[in-house]
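Asker: Below: one structure in structure tokens.
The values are calculated or read from the model by the stated rules, or taken from the named source; none is laboratory data. Since we're looking at a predicted model, the values are computed, not measured. Here Cβ is always computed from backbone atoms with ideal geometry, including for glycine, and neighbour counts include all displayed protein chains.
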Amino acid sequence: MPSADLLRSQIEARIPAAFAVYRRPERKTIPTGITQIDDLNGGVPVGALTEICGSDLVSSGRTSVLISLLSKASQTHFCALVDASDTFDPASAHKTGTNLSRLLWVRCGKNQSKFTPLEQAFKVTDILLQSGGFGLIVVDIGCIAERLVRRVPLSSWFRFSRVVERHSTALVLIEQQPHATSCAGLVLRMTMVSAIFSGRVITQFNLRSEILRGREKKPSQSVSQDFSLKTQWA
């Protein structure tokens, strides 16, 4: 009876990859620029769809994450921001370090169109993904009414997920609630824990970031991190 080593060599001769150790390819990420969030997941994954969610009723920190992400990514990547509600403030973004010469800002709903701002945002996103060339594409639909976003069919999220997998692009959706869920490589929920006032002005937010879905595309065990951000006018 052949020894174990002999048997192994015979199998390898017939099937060279039989005992090869599978190594999961390292997934590239783009840091958000906020250490506490990047410590959780390394940043937003490239070649995947990310959802960053937070309430529209109170400051949840999602806009701060957006500005920080654009500031960090625009130093080394060409970026695109699809602004469904025309709420982006380029002056604030420039103040925090965003390289505006590397940012394409698409303002939806600014002209007469048969499409709603949400439909425009999705159509533009599809064009940008297909065209390639962007390291980061952010779609801000955080101010669109939830009743409208809930009508987006799952097939649309699935399509975005499959298309971005073929590109070296990070696709990030800014929303009130997660909708892509199983199609997303990362779902991050932002909530405000407390705020610090100086007189009548808020000078600092105490925030919590929580991963609802991580890189394995499985629900996480409520991995969260608390941190503070100063307001830009403080």
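Asker: Considering every residue within region 45-52, establish whether at least one is in a helix (DSSP H, G or I) and either touching an Asp or Glu at 6+ places or on another chain (Cβ under 8 Å) or more than 24 Å from T181 (Cβ to Cβ) (or both). So that I can check it myself, show each step before the final result.
Answerer: Pass one, region 45-52, residues in a helix (DSSP H, G or I): none.
Checked region 45-52: no residue is in a helix (DSSP H, G or I) and either touching an Asp or Glu at 6+ places or on another chain (Cβ under 8 Å) or more than 24 Å from T181 (Cβ to Cβ) (or both).
Asker: Separate question: For the list (1) touching a strand residue (DSSP E or B) at 6+ places or on another chain (Cβ under 9 Å); (2) among the β-branched types (V, I, T); (3) at pLDDT below 95, I need the number of the one condition that V201 fails.
Answerer: (1)
Asker: Quick check: is even one residue across region 123-142 over 19 Å from I30 (Cβ atoms), touching a Leu at 6+ places or on another chain (Cβ under 9 Å) and surrounded by 13 or more Cβ atoms within 10 Å (Cβ to Cβ)?
Answerer: Scanning region 123-142 turns up at least one residue that is over 19 Å from I30 (Cβ atoms), touching a Leu at 6+ places or on another chain (Cβ under 9 Å) and surrounded by 13 or more Cβ atoms within 10 Å (Cβ to Cβ).
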